[in-house]
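> Okay, handing you the structure first.
The values are calculated or read from the model by the stated rules, or taken from the named source; none is laboratory data. On a predicted model such as this, the values are computed, not experimentally measured, just so you know. Every residue, glycine as well, gets a Cβ built from its backbone with ideal geometry; the counts of neighbours run over all protein chains shown. Surface accessibility is based on the protein's heavy atoms, side chains included, excluding ligands, DNA and RNA. Shrake-Rupley method; radii C 1.70, N 1.55, O 1.52, S 1.80 Å.
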Amino acid sequence: MLALLYFILHLGGWQYASQRLLATHPLWVRITAGLVLATVALMWAPVPFAFLLGFTPLAHGLGLALSLGLAAGLALQAKPLAANPALDYQALARSLLWLGLPLLLLMAYLLHTHLIQPSPAGLDVGQSTFGDLQMHMGMVTSLAHQQVFPPDYSILPGQRLSYPFLVNLVSSSLLQLGLPLRWALLLPSLLMCALIVACFMLLALEVSKDRRATELATLLFFLNGGLGFIYFFGWHEYTFGQILTEFYKTPTNYNEMNIRWSNVIADMIIPQRTTMAGWSVALFTLWSLLRFTRASGADKRGWGILAGALVGLLPMIHTHSFMAIGLISLGWLGVDLVVRRQQWLTVIADWCWYGLPAIAVAIGQLLYWTFPQATAGGGFVHWHLNWVNELKIDPYLWFYLKNIGVVYLAWLAALALLAHSRWRSQLGGLLDSDLARLQFGPALIYLVAEVLIFQPNLYDNNKLFYIWYVFATITASALIITLYRRWRLQQRYLWAAAILVLSLVLGTISGALTLAREWVSNYNAYSGAHVAAAEFIVARTPANAMFITADNHNNTVAALTGRNIVVGTDTYLFFHGLNTKQRHDDVAAMYQDPARRAALLAQYQVDYIYVSDFERGRYPALNSLFGAYPVIFDNGAVQILAVSARARSSSSTAAE
């Protein structure tokens, strides 16, 4: 009950503020804005106090008071920001009901089946959450139980957690205040999924100025996929039926054939919680930034401060979204300087209302968390052309065409038309000068993501590309709807029907098949024996206890209990730029080398040794542990051995 009250009070306070801030907008826009601001508050409000008090209930209470105070101050002092009078926001509300709501229900079902769903086998997940979810759960449980702030990696204690963890902080808050782990994950995820859908449609309407283009863009974005489906109709070893049964052999995830453009619902929103949180804020921020570029006077200042504050809060929510919006901002600033070149001082002064809040809020996060990890070991950033294709497998254009499909082709065609004012005027429709100028921001993302890599994993540049793809999808949809209407007026009904139907079918079939695979996928992540062991650990061991375990990614101790382990899987740590070889060698010695064991256990201050099927498979010579240390838990499949004095005293009752 306390967790729900905490959650609802944040939402209610910022709903009150948004009713004033966006009073000229329809109710659904005001509600969306309030939920976005509340989501940001849930992530950030406890942080200033947690630095001083730890991640404790007191820090949460003070954070809630701060959040409600800021919301009340905004409601009392802010002047309403003007809506765009050229747009029919109310008509889009109907689109949200018939199109946005089914997409949200699809996401809700996938969250239900993919986030540690209880089953007779233990705790189950889906295909896409079999991997990264376990890392996020470890952050959630360790922060909630250990209450140390700023947190370290619980799978590499002593190393500051510089990965954007604020989405997991919300779940940690709810877990600490009484919600079960599953619901602590589900509740904020449902909220953020709803915001992604609503904010995408709001941004698409602002960009395209057309409801039908917005609807088409929504389908092409959320059901995205390229031409990967062709490989399942006899072009390669896999058949159509295997899409629903094989692990990551879908038309949007087929690495052997260089298909890498993952579906945004299946592989970005549902499993990647930082992306989910980042997009729920970034899409609304981009809408606010676009309103800033089109407003004037006091409205321009208001939109600039709102967008700037939200951008500034993004680095530890989702660093890639922060980078992407920064690149878009540079592109749009450049356009503004060219368009108003006789008033460049005014342009700079206007953009200060946006840029200065963004820099002021972001700089501390970047210096404390982001830059130290990004520059460790010589840094992540390096030159690299053509993303994961590397110009080694497919020709450049074919790689993107087969991965992104209809949207890529239509985007290129739209750019060609938008580049020539005479062509734009002849075609008419939605391809106007405003849409042409907007392309410079997203195009800068595309250019930078094509030539620079910002992390060890090449694939992660897709988190930049997808923000470009938001605008590419809207631009492509504007062209498709323009051609559809033009051909209808010319009574070329076959052409009109063909471009619409082919765009929808070819643009969504791969994504739909991938989502069908997620719908039926089911994998056991934690057996009943491991769940029972986790319950024992939570109940009977100190919150900051140190364990040694195997380095399996679905690590029971790290994910379900929040306790520290000496070292976790490199599946997570290597791609965060962290060197773990020595620790892996030492863990192997602790399990298998009696001569070195005692010294290493003391060096790493190990309290408990965890033994299960993972450890037996990884360290076959571990039998010498038994007899050397008391077994305090044994359910046949899992044994826990007490090493330190405090471990033995805190678990002094008979082993189970």
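> Suppose the filter is outside any strand (DSSP E or B) and under 17 Å from Ile325 (Cβ atoms); does Tyr484 pass it? Before you say what the answer is, go through the steps one by one.
Details: outside any strand (DSSP E or B): yes; under 17 Å from Ile325 (Cβ atoms): no.
So Tyr484 fails the test.
> Something else now. Looking only at region 454-474, decide whether some residue is at positive phi and surrounded by fewer than 20 Cβ atoms within 10 Å (Cβ to Cβ).
The answer is no; no qualifying residue exists.
> Residues that are touching a residue at least 60 places away in the same chain (Cβ under 8 Å) and within 28 Å of Thr370 (Cβ to Cβ), at least 2 per element: which strands (runs of 3 or more DSSP E) completely within region 74-161 meet that?
Because the criterion is at least 2 residues that are touching a residue at least 60 places away in the same chain (Cβ under 8 Å) and within 28 Å of Thr370 (Cβ to Cβ), the strands (runs of 3 or more DSSP E) in region 74-161 that meet it are 156-160.
> Just to be sure I understand, how many residues within region 162-185 are in contact with a helix residue (DSSP H, G or I) (Cβ under 8 Å, 6 or more places away or on another chain), modelled with pLDDT of 95 or more and either open to solvent by 10 Å² or more (accessible area, probe 1.4 Å) or closer than 21 Å to Gln373 by Cβ (or both)?
Total satisfying the criteria: 14.
> Which of the numbered conditions does Ala198 fail, given that it passes all the others? Conditions: (1) over 16 Å from Thr274 (Cβ atoms); (2) at pLDDT 95 or above; (3) touching a strand residue (DSSP E or B) at 6+ places or on another chain (Cβ under 6 Å); (4) of a type outside the set (S, T, N, Q).
Exception for Ala198: condition (3).
> I would also like to ask the following. Select, from Ser521, Ser503, Ser510, the only residue that is in contact (Cβ under 8 Å) with a residue 12 or more places away in the chain, farther than 20 Å from Asp607 by Cα and touching a Phe, Trp or Tyr at 6+ places or on another chain (Cβ under 6 Å). It would help to see each step written out before you state the result.
Numbers: Ser521 fails: touching a Phe, Trp or Tyr at 6+ places or on another chain (Cβ under 6 Å); Ser503 fails: touching a Phe, Trp or Tyr at 6+ places or on another chain (Cβ under 6 Å).
Residue meeting the stated conditions: Ser510.
> Right, something else. What's the number of the only condition in (1) surrounded by fewer than 18 Cβ atoms within 10 Å (Cβ to Cβ); (2) within 30 Å of Tyr368 (Cβ to Cβ); (3) not small (Gly, Ala, Ser) that Leu35 fails to meet?
(1)
> Checking the conditions here, which among Gln77, Gln19 is loosely packed, with under 14 Cβ neighbours inside 10 Å and either over 30 Å from Ser142 (Cα atoms) or modelled with pLDDT of 95 or more (or both)? So that I can check it myself, show each step before the final result.
Values: Gln19 fails: loosely packed, with under 14 Cβ neighbours inside 10 Å.
Exactly one residue qualifies, and that residue is Gln77.
> Among the residues of region 529-537, is there at least one that is assigned to a helix (DSSP H, G or I), open to solvent by less than 20 Å² (accessible area, probe 1.4 Å) and of a type in the set (Phe, Trp, Tyr)?
Checked region 529-537: at least one residue is assigned to a helix (DSSP H, G or I), open to solvent by less than 20 Å² (accessible area, probe 1.4 Å) and of a type in the set (Phe, Trp, Tyr).
> Test Ala91 against the criterion of being modelled with pLDDT under 95 and either in contact with a helix residue (DSSP H, G or I) (Cβ under 6 Å, 6 or more places away or on another chain) or open to solvent by 30 Å² or more (accessible area, probe 1.4 Å) (or both), and give yes or no.
yes
> I'm checking my understanding of the structure. Among residues of region 394-429 that are outside any helix (DSSP H, G or I) and open to solvent by less than 70 Å² (accessible area, probe 1.4 Å), which one is farthest from Phe229 (Cα to Cα)?
This residue is Gly428.
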